[in-house]
Structures are given as C-alpha cells and as structure tokens.
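Report on the following structure.
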Amino acid sequence: MNIFRRDVVLALVAVMLSSTVQSHHSVPAKFDTGSNHTISGVIKTVQWVNPHSWLVVETINANGDLETWRVEMNALETIRHFGARMGFSMTEFVIGDSITVGGWLGHDKRSIYFRNATLASGKQIIWQRDSDP
C-alpha cells in the first residue's frame with residue numbers, strides 16, 4: 001500500500017511539473033525571429049504576468065474582417081526593469097487605445113512577439129535586443 005501511495009504522489013508531482021515546464025518556452029520555438037511583421041489595432045486586453053506578458057489587439061484585415069492578435073512580451077519583472085530604463089511604463093498600454101506593434105510573426109500566424117510599438121499618444125517604444133529572454 002505504501003508503494004502505491006508513493007507512486008500516486010510521484011505521478012501527481014510529475015503532472016504538475018510538466019504543466020509548469022510547458023508554460024515557458026524559447027522565443028524561437030514559437031516565433032520566426034527572422035521575420036518582421038506589423039499590426040495596427042485597438043488594445044482589448046493587457047495581461048502583465050510571468051513567464052510572458054500579453055496584449056490582445058483587435059485589427060481589421062484587408063478584407064474588412066475583424067482579427068484578434070496575441071502580442072507576446074517579456075516577463076512582468078523584465079518589462080518593469082527594462083521599461084523604466086528605456087523610458088516607458090506599463091500604464092501607457094491602455095485598453096481601448098490604438099497601437100501599432102512590430103515584431104516577429106508567430107508560427108501560428110495570429111501572434112506576434114513584441115519588438116516595438118507606437119502608442120496612441122504617438123510615443124514609440126523600441127524593445128532592445130539584449131533585453132530578450
């Protein structure tokens with residue numbers, strides 16, 4: 001009976017750890033780091049979280065249809081630290097504001113990895129390469 005309990009506990013720990021490990025990934029695994037893509041739209045959601053923060057941006061495509069894009073960013077603490085050094089604050093990303101985002105196109109073709117942005121205020125943010133994960 002003790003062996004059974006130990007095996008069950010080990011299996012549960014393995015399942016919990018596997019989901020944690022999968023939540024973080026290398027950027028080149030999900031994005032084409034040789035590409036440059038730009039989207040313009042309206043910020044619908046902002047998630048300042050670890051291991052990667054997110055913006056959800058709604059755009060209008062060439063056919064006039066609404067598209068939803070996920071904009072992946074660095075981790076919350078990385079953004080706080082480097083953002084302050086680069087002269088911008090997370091509070092400048094306002095839900096409902098327009099934004100233009102440039103970055104690496106995701107392999108799923110509906111996501112982009114944040115490299116630069118022009119905010120509704122006209123302020124430009126350029127994320128420096130040495131601050132990538």
Qualifying positions in segment 80-96 - at pLDDT 90 or above, outside any loop (DSSP other than H, G, I, E, B) and exposed (fewer than 11 other Cβ atoms within 10 Å of the Cβ): THR91
Unique residue being without any contact (Cβ under 8 Å) to a residue 60 or more places away in the chain, assigned to a strand (DSSP E or B) and hydrophobic (A, V, I, L, M, F, W, C) when the list is ILE99, ILE39: ILE99
Single condition PRO133 does not satisfy, out of (1) of a type outside the set (Ser, Thr, Tyr); (2) modelled with pLDDT of 95 or more; (3) surrounded by 11 or more Cβ atoms within 10 Å (Cβ to Cβ); (4) farther than 15 Å from HIS37 by Cβ: (2)
Hey, ASP65 surrounded by fewer than 10 Cβ atoms within 10 Å (Cβ to Cβ) and modelled with pLDDT of 90 or more or not: yes
Count of segment 44-95 residues which are among the β-branched types (Val, Ile, Thr), under 14 Å from the mean Cα position of the chain (by Cα) and closer than 15 Å to ARG110 by Cα: 4
Qualifying positions in segment 34-62 - over 21 Å from ASP97 (Cα atoms) and surrounded by 15 or more Cβ atoms within 10 Å (Cβ to Cβ): HIS52
Tabulated pairs, segment 19-35, first assigned to a helix (DSSP H, G or I), second modelled with pLDDT of 90 or more and among the charged types (D, E, K, R), C-beta under 9 angstrom, 6+ apart or interchain: VAL27/GLU72; LYS30/GLU72
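The values are calculated or read from the model by the stated rules, or taken from the named source; none is laboratory data. Here the structure is a predicted model, which is why all the values come from computation and not from measurement. Note that we place each Cβ from the backbone using ideal geometry, even for glycine, and neighbour counts take in every protein chain shown.
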